[in-house]
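This report refers to the structure that appears directly beneath it.
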Amino acid sequence: MRINWLGIIISAIVIVALRYLWYAHFGGADWGQLVSKAVGGVQASPKAAGLELVDALLLSLGIAWIAGLSGRAAAAGLGVGLAAGILFGLTSVAEGYIHGAPLKDFLVDGGYVLLAYTLGGLIIGALAPRRSSRAKFNWGGETAAEH
C-alpha cells in the first residue's frame with residue numbers, strides 16, 4: 001500500500017482549522033475573535049498547537065491506511081471517514097455523556113468529530129494516487145488466468 005502523504009498533510013491541516021472554526025462557531029465567537037483566539041492560543045501554547053497537529057496527522061494517517069484497504073477514490077475515502085467517525089469518534093466522545101456530561105457537549109464534540117473524520121476521509125480519498133491502467137510486465141510469462 002502506498003501512503004498518500006500529501007493527502008495526509010492537507011487533511012491534518014484542514015482538521016485543525018476545522019476545530020478552531022467549529023468551536024468558535026458553537027462557542028459564540030465572531031470571526032475577529034476567532035482569529036485572535038487562534039493566533040493567541042498558538043502563541044501562548046505552541047506545544048498544545050503542535051500536539052493538535054500531531055493528533056490530526058495520526059488521525060489522517062489512520063484514515064489513509066483504512067481508505068487504502070477499501071479503495072482509492074473520493075467516495076471510498078468519504079465512506080471510510082464517515083464509518084470511522086461513527087464507529088470510533090462518536091463512541092469515544094459518548095464516554096463523557098455516559099458519565100454525566102451534558103447532551104450539548106456530546107452534540108458539539110460529536111458533530112466536530114464526525115465532520116472532521118468524514119472530511120479527512122474525503123480529502124485523502126480524493127487525493128489518493130490513481131492506479132495505473134498500463135499493463136504490468138509479467139516476469140513469468142504467465143497470464144493472470146493461469147494463476
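The values are calculated or read from the model by the stated rules, or taken from the named source; none is laboratory data. Computed from a prediction, not measured in an experiment: that's the story for all the values here. As a convention, Cβ positions derive from the backbone with ideal geometry for all residues, glycine included, and neighbour counts pool all protein chains shown.
General observations
- Within the range 61-75, the set of residues being under 17 Å from LEU6 (Cβ atoms) and not charged (D, E, K, R) comprises LEU61, GLY62, ILE63, ALA64, TRP65, ALA67, GLY68, ALA73, ALA74.
- Applying the set (1) closer than 16 Å to ILE15 by Cβ; (2) more than 12 Å from the chain's Cα centre (by Cα); (3) modelled with pLDDT of 90 or more to LEU119 leaves exactly one unmet item: (2).
- Residue check, VAL93 assigned to a helix (DSSP H, G or I), closer than 24 Å to ILE3 by Cβ and within 19 Å of the chain's Cα centre (by Cα): no
Conditions tested, residue by residue: (1) without any contact (Cβ under 8 Å) to a residue 60 or more places away in the chain; (2) closer than 22 Å to TYR20 by Cα.
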site: ALA44; (1), (2): yes, yes
site: LYS47; (1), (2): yes, yes
site: LEU58; (1), (2): yes, yes
site: ALA64; (1), (2): no, no
site: ALA67; (1), (2): no, no
site: GLY85; (1), (2): yes, yes
site: GLY100; (1), (2): yes, no
site: ASP105; (1), (2): yes, yes
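- For THR91: the one exception among (1) at pLDDT 90 or above; (2) hydroxyl-bearing (Ser, Thr, Tyr); (3) closer than 18 Å to ILE123 by Cα: (3)
- Whichever residue in the range 33-88 is of a type in the set (Ser, Thr, Tyr) and under 17 Å from the mean Cα position of the chain (by Cα) and, among such residues, is modelled with the highest pLDDT: SER60
- Exactly one residue out of ALA75, ALA83, ALA94 is of a type outside the set (Asp, Glu) and under 23 Å from LEU57 (Cβ atoms), and it is ALA83.
- Criterion: closer than 12 Å to THR118 by Cα and surrounded by 16 or more Cβ atoms within 10 Å (Cβ to Cβ) - qualifying residue of GLY62, GLY68, GLY85: GLY85
- Scan of the range 43-60 for residues that are among the aliphatic types (A, V, I, L, M) and more than 15 Å from TRP5 (Cα to Cα), ordered by number: ALA44, ALA48, ALA49, LEU51
- When LEU114 is tested against (1) surrounded by fewer than 13 Cβ atoms within 10 Å (Cβ to Cβ); (2) at pLDDT 90 or above, just one condition goes unmet, and that condition is (1).
- Every residue from the range 10-27 that is within 18 Å of PRO46 (Cα to Cα), without any contact (Cβ under 8 Å) to a residue 24 or more places away in the chain and either polar (S, T, N, Q) or surrounded by fewer than 17 Cβ atoms within 10 Å (Cβ to Cβ) (or both): ALA17
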